[in-house]
Amino acid sequence: MNNYRTAFINGIILDGTRDMVPVKDKVIIVEDKKIVSIEDKSSANLSDCRVVDLGGKYILPGLINLHAHLPGTGKPTKKPMNLELICKLLSSNPLGQRIGKGMVASNAKNALMAGVTTIRSLGGIADFDSAVRDDIKNGKLIGPRIITANSAITVKGGHMANTFAYVASSKEEVVELVDKIAKTKPDLIKLMITGGVMDTNELGLPGMLLMPAEYIKTACDRAHSYGYKVAAHVQGYDGVIAALENGVDTIEHGASPDDKMLDLFNKKGAAQVVTLSPAIPYVQRFQNMSNLSEVAVENSTVIIKGMVELAKECLKNKIPVGIGTDSSCTYVTQYGFWREIVHFVNYCGVSNSFALHTATLINAQIAGIDKITGSIEVGKMADMIVVENNPLEDLSALQNVSMVVFEGNLFIDPKVKKIPEVETVLDEHMA
Ligand SMILES: [Zn+2]
């Protein structure tokens, strides 16, 4: 396919940069995987190009979901699942592994078909994510660019222990686990530093610091020695401070800040990644939640408040804030990233334009891939999506993608596998 040129004509470009405005009368020329030029319509030479007429639709960078888990679909279950047992079965024998990788592959493909051209997966089962990532890279599977931590590291009784995270009980075990994960060729390392909403039965106490500071430092030092960045699940003040002081690069979720925390973010060059989607079913009291208790509702309220307060302060203080869905959580689908972008506007008070800029170029910067993707610019990968209406006016335009371009490959009228009963409930609760 070398030197195969495609010209995208009659599209309205939203390029993903901070002050993007709709740009008409330009032609985007893609050769092989990359955008090689953006030319005036009047003077563009299309003679050696395959021409794709966008018919006045909007073309923007492919979306980047900065926080996902790939094994699940987000479909609610009637009873709480024994996730530990399921993960054990999936990882312990060849048949289970084949099934598990198949689930990851199918979910990743569904994300791509919904316009997510890069997905950062922060805690999965064994090495399934990186195996699927490599099969996509080698052309064996269709899917987005996957940036993965594979299995995360937690402590005994900690967040996602023995499901999406291995358990460390000493500093030595932390080193062994980083080495074990490094053998699976991840793209980064993920730590679970505090508990999560469902990890406590105590009212008002979500996000307790569970991982000792010395484990955090040991994990970060070891990960950094391999060249890996460290992302950490943190949902409480003490946890954020311990994470930043000991080398964590991105605070996933977050907690209410003070000046000390903001100073640390600045000093360390760290970023926050906001994930509002998983808390919504609790704070809005969805029916059909198998674990909707008053404690869960109250604790989710605390967490969403902390996350939002931190995001607002970070934005004010020029600290990078990215967004992700935390897909696989109940009611958080792999194809519903557009909802997180809308929540970011509704909860954090940013403009549609800034939210879209965040979902593309800022997320690329935080993931360290802004040299290759995140905006429609010459020299970057042709990662683009096409939507009928202007998302700057209404972000729900992003829920129906009429074309996805990933590394130059075209998917016209991509088929997204939606879960109808989930969509009905989520649509009722969009603020
Ligand atoms: Zn997560």
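No lab work stands behind these numbers, since they all come straight from the coordinates. Just so it is clear, the structure is predicted and the values come from calculations on it, not from any experiment. Here Cβ is always computed from backbone atoms with ideal geometry, including for glycine, and neighbour counts include all displayed protein chains.
To the nearest 0.05, how large is the calculated FRET efficiency for LYS24 and LYS417 if R₀ is 35 Å and r is the Cβ-Cβ distance?
On the way: r = 34 Å, r/R0 = 0.97.
That pair, LYS24 with LYS417, gives E of 0.55.
Which one of VAL21, VAL155, VAL302 has the biggest mean-square fluctuation once the chain is modelled by GNM with Cα springs under 10 Å?
Among VAL21, VAL155, VAL302, the largest GNM mean-square fluctuation belongs to VAL21.
Using the Cα centre as the reference, give the magnitude of the dipole from point charges on the C-beta atoms of the chain (Lys, Arg: +1; Asp, Glu: -1; all else neutral), rounded to the nearest 20 debye. All intermediate terms of the calculation are to be shown ahead of the outcome.
Values: 44 positive and 48 negative charges, 189 e Å.
Dipole magnitude for the chain comes out near 900 debye.
If you keep only loop residues by DSSP, which trypsin sites (Lys or Arg not before Pro) in the stretch 49-82 have at most 10 other Cβ atoms within 10 Å of their Cβ? Present the calculation step by step, with values, prior to reporting the outcome.
Values: sites: ARG50, LYS57, LYS78; in loops: LYS57, LYS78.
Filter output for the stretch 49-82: LYS78.
Based on the alpha carbon coordinates of the stretch 63-367, what radius of gyration and maximum Cα-Cα distance (Dmax) apply, in Å?
Answer for the stretch 63-367, Rg first and Dmax second: 17.6, 51 Å.
Report the full-extension gain for the segment LYS75 to ASN390: residue separation times 0.36 nm, less the Cα-Cα distance, to one decimal in nm.
110.4 nm
Could you tell me which residue out of LEU244, VAL297, ILE146 lies farthest along the dipole of the chain toward its positive end? Charges go on the beta carbon: Lys and Arg +1, Asp and Glu -1, centred on the Cα centre.
The listed residue farthest towards the positive side: ILE146.
Can you tell me the length gained on complete extension of the stretch SER290 to VAL175, counting 0.36 nm per residue apart and subtracting the Cα distance?
Details: separation 115, 0.36 × 115 = 41.40 nm, distance 3.69 nm.
Extra length from SER290 to VAL175 when fully extended: 37.7 nm.
Measuring from label point to label point, each 7 Å out along Cα→Cβ, what is the LYS88 to ASN409 span in nm?
That separation, rounded to one decimal, is 3.7 nm.
Of all trypsin sites (Lys or Arg not before Pro) in the stretch 307-377, which ones are in loop regions per DSSP and have a Cβ with at most 16 other Cβ atoms within 10 Å? Write down the numbers at each step before the final one.
Details: sites: LYS312, LYS316, LYS318, ARG339, LYS371; in loops: LYS318, LYS371.
Hits after loop and neighbour filter: LYS318, LYS371.
How many nm is it between the label spots at LYS156 and GLU245, if each spot is 7 Å from the Cα in line with the beta carbon?
With each label point 7 Å from Cα toward Cβ, the separation is 2.4 nm.
Compute the semi-axes of the equivalent ellipsoid of the stretch 144-292, taking the square root of 5 times each eigenvalue of the Cα gyration tensor, and list them largest first in whole Å. All intermediate terms of the calculation are to be shown ahead of the outcome.
Working: eigenvalues 118, 68, 47 Å².
That gives 24, 19, 15 Å for the three semi-axes.
Helix 294-316 versus the longest principal axis of the chain: what angle, 0 to 90°, nearest 10, using Cα atoms?
50
Using helices alone, what [θ] at 222 nm do you get for the chain, with -39,500 (n - 2.57) per DSSP H run of 4 or more residues, divided over all residues and rounded to the nearest 500? List each step's numbers first, then the result.
Details: 13 runs with 144 residues, N = 431.
Calculated from helices alone, the mean residue ellipticity at 222 nm is -10000 deg cm²/dmol.
Any chance you could give the angle, 0 to 90 degrees and rounded to 10, that helix 259-268 forms with the longest Cα principal axis of the chain?
60
List the pair-distance distribution P(r) of the stretch 1-153, using every Cα-Cα distance, as the percent of pairs falling in each 5 Å bin from 0 up to the bin containing the longest distance, rounded to whole percents.
2, 9, 14, 16, 14, 12, 10, 8, 7, 5, 2, 1, 0
GLU428 to LYS268: FRET efficiency via 1/(1 + (r/R0)^6), r the Cβ-Cβ distance, R0 41 Å, to the nearest 0.05?
Details: r = 41 Å, r/R0 = 0.99.
It comes to 0.50.
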